[in-house]
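Notes follow the structure.
The values are calculated or read from the model by the stated rules, or taken from the named source; none is laboratory data. Remember, it's a predicted structure, so these values are computed and weren't measured experimentally. Positions of Cβ are backbone-derived with ideal geometry, glycine not excepted, and every protein chain shown enters the neighbour counts.
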């Protein structure tokens, strides 16, 4: 009789989803009500500033990326090739209010790229407009087919995963900043993107929250395959283990990533969980890290906590210095702001403590 | 500006997936190597014995449900209307070895029902055979479309969820036995099926492990909607919170189910996690219940542990009595075997302690 599991071996060298976006980019903001729901736009503008040439908003939209506001004609005149939907509604659906501008862009020959759950290619009006304008519709949030179930086998190489007290709290920024810090030191390192923005920035990855639930850990296996003993994968976290909407995604990613270390991400002053304001408060750091480490040790008993990465943009320099210092004293771990102070301290800690 | 979340409100009265299977049934066992991978066949034979008329196996298959072994001609002669694929490979794929018999059945006019991830309707040979034989192909593991993201809102009514130390360890049996016990007492109760076998038994449900990861908790919301204050939902658990292949599914289901109580399921003598033999051991009961309750309290701070339900089929009566008694002394909770002793003690405990 054949070996029972033979059809579902882990293909650790399975090619990841590669994407090709033609720059320069327009960042489409629609009617997004706050910066928390404009993660993709902010991420692209911060990590790929040289590729972003403008933004487009609906009347009354309060979010400003700091790029020139362009209409469709100005977008064409600026030589922009791709409009990136830089916002997310809960559930990742395309909104009817965005359609007139998106249709006009496609009709004018501007490619559209989206990381929403609902697909550009399923919107008949957009497909017709893109055909008319000879534009391409690019859906980022499509996972690879035939992902395996995770078997939990230990893989070679080193891994660090960013985890959060909440969604949209700095896990991607932290991972990208740590990746850049490692790169600057000449370390053998890859950034492993798990969300639509990270994938757009990196040019490849797996949209982990779009994977069928049974295969989330298996997708994480595929995302960070066996590697050289001195190679680092810096893996972008998703969701939050204590966020009741998305915790299953976070746990599957944590188990499959089998990280040697986790970096906890947080934002000063974040009181309520994203999307659940007035219902759920952000849990204390200790409670988050307890359940993260308990869960992480299932697939990597040696997993350590390598520090805290905090968005302190609401503080002035003196306040920030004092806040981070207090946290370092409390936990005995490096505490940084990935933008304001950089990731050097956490990089040092990782290199010293993960062997 | 419109309310941002308006497009994704929780539709608690969304109709669940209803299925129609024509009895009597043939249970297809293929080349399944052990009882653990023949959960569906065992479940159907135990909970719907009056509807199951035969079994079909490949040469060498060691699993025996205790029904007459039928070939295709005998299946037709017995008046069987539907062949149920009663087994599961890791990852839920249809296997090439099963195809000759399945094709012959469909060609002979026998409907096929499957709970695998890979779909009957995607197998061109099966589709052609079913067309030829005027048979119907029924894929159970298809979740409803447009599931919402969970918002974690507390719903009315009472809920109990079965959780496990491992996969395939009695969560469905326990839930069905508890549902029957409640029904026999005239309690207002529903069994909420989350897996393919449970759905086949109940005739409705949501295959939770086939839901896209972001929507698992939302699917659990939909599965057990608001109800009368004295109504019980007995929710079938999935996977295991400390099983590295599927824990994300278990956590999403736990958060969305917001149970008032959990019943821990275990099997005497289970040493290694299913599918991970020789790599991962089954964790201690205390460790499992700790992380289950910590996680459950995120969406229901009053969640209690209502007892342990154990498959003690490897023990004789004396051993069973002693084993369950020792556990009861250790934990101060009712400990039962859902088949051998029934669920009365746990039902009593739930009715007394969940108000």
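Here are a few things to note about the model shown:
- Count of the range A:98-112 residues which are closer than 15 Å to residue A:22 by Cα and out of contact with any helix residue (DSSP H, G or I) (no Cβ under 7 Å at 6 or more places or on another chain): 1
- In the range A:244-277, the residues that are within 13 Å of chain B (Cβ to nearest Cβ), in a loop (DSSP other than H, G, I, E, B) and at pLDDT below 95: A:244, A:245, A:246, A:273, A:274, A:275, A:276, A:277
- Failed item in (1) surrounded by fewer than 20 Cβ atoms within 10 Å (Cβ to Cβ); (2) away from chain B (no Cβ under 14 Å), with residue A:142 passing the rest: (2)
- Within the set A:311, A:300, the sole residue that is within 16 Å of residue A:169 (Cβ to Cβ) and modelled with pLDDT of 95 or more turns out to be A:311.
- Single condition residue A:169 does not satisfy, out of (1) in a loop (DSSP other than H, G, I, E, B); (2) farther than 24 Å from residue A:297 by Cβ; (3) in the same structural domain as residue A:339 (by TED's automatic domain parsing): (2)
- Strands (runs of 3 or more DSSP E) contained entirely in the range B:19-89, each with at least 3 residues that are in contact (Cβ under 8 Å) with a residue 60 or more places away in the chain: B:25-30
- Criterion: more than 25 Å from the chain's Cα centre (by Cα) and outside the structural domain of residue A:221 (by TED's automatic domain parsing) - qualifying residue of A:113, A:108: A:108
- Just one of the listed residues (B:94, B:102) is within 19 Å of residue B:121 (Cβ to Cβ), in contact (Cβ under 8 Å) with a residue 60 or more places away in the chain and not assigned by TED's automatic domain parsing to the domain that holds residue B:168, namely B:102.
- The single condition among (1) in a loop (DSSP other than H, G, I, E, B); (2) buried (at least 21 other Cβ atoms within 10 Å of the Cβ); (3) out of contact with any helix residue (DSSP H, G or I) (no Cβ under 7 Å at 6 or more places or on another chain); (4) at pLDDT 95 or above that residue B:226 does not meet is (2).
- Checking A:96, A:104, A:113, A:130 one by one, the residue that is surrounded by 22 or more Cβ atoms within 10 Å (Cβ to Cβ) and closer than 22 Å to residue A:32 by Cα is A:113 and no other.
- Selected residue (criterion: surrounded by the fewest Cβ atoms within 10 Å (Cβ to Cβ)) from residues of the range A:159-172 that are on the phi < 0 side of the Ramachandran plot and in contact with a helix residue (DSSP H, G or I) (Cβ under 8 Å, 6 or more places away or on another chain): A:159
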